[in-house]
Amino acid sequence: MKMIIVIIKDNEADALTRALTSEEYRVTRIASTGGFLRSGVVTLLLGVSDAQVDSAIKLIRETIAMSAPVEKHGSLFVVPVERFEQV
C-alpha cells in the first residue's frame, strides 16, 4: 500500500477531488498554506494499493494539466504505508 500526497493550488483542488472520487479513489483534503507569498494550497491524501499508483498519478497529471498545461502545479509524493487500519 502507498500514500500519495498531492499539494496543489487551491483553485485546482475541486476539479481534482471530483476526478479522483469519480474513479472511486478515497481522498482526504486538507487546506494548507505554503509557497511564495504564503498562497493558498490544498493537500490531498490518497491511500492506494501498489497496483493503483500509476493510474492515480496519470489521472492527477491529466486533470491538473487541463487548467494550465504549461505551468507547474504543485508537488506529488508517493510514500510506503507500513500499516493501515480503519478506526
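Bear in mind that the values in this text are calculations on the coordinates, not laboratory data. Just so it is clear, the model here is predicted, and its values are computed rather than measured. Virtual Cβ from ideal backbone geometry, glycine too; neighbours counted across all protein chains shown.
Things to note:
- Of (1) 218; (2) 102; (3) 174, the label for volume of the Cα convex hull per residue in Å³ derived from the coordinates: (2)
- Residue-count net charge about Arg18 - beta-carbon cut-off 14 Å; Lys, Arg +1, Asp, Glu -1: -3
- Net charge of Cβ neighbours under 15 Å - reference Gly47; Lys, Arg +1; Asp, Glu -1: -1
- Other residues whose C-beta falls under 13 angstrom from the C-beta of Val27 contribute a net charge of 0, scoring Lys and Arg +1 and Asp and Glu -1.
- Angle between the chain longest axis and helix 10-22 axis [Cα atoms, degrees, rounded to 10]: 30 degrees
- A straight Cα-to-Cα reach below 20 Å connects Lys72 with the lysines Lys9, Lys58, residues fewer than 8 places away in its own chain not being considered.
- Ordering of 2-14, 74-86, 52-64, 21-33 by packing [mean C-beta count within 10 Å, highest first]: 2-14, 52-64, 21-33, 74-86
- Check: the chain dipole with +1 on Lys, Arg Cβ and -1 on Asp, Glu Cβ, in debye: 220 debye
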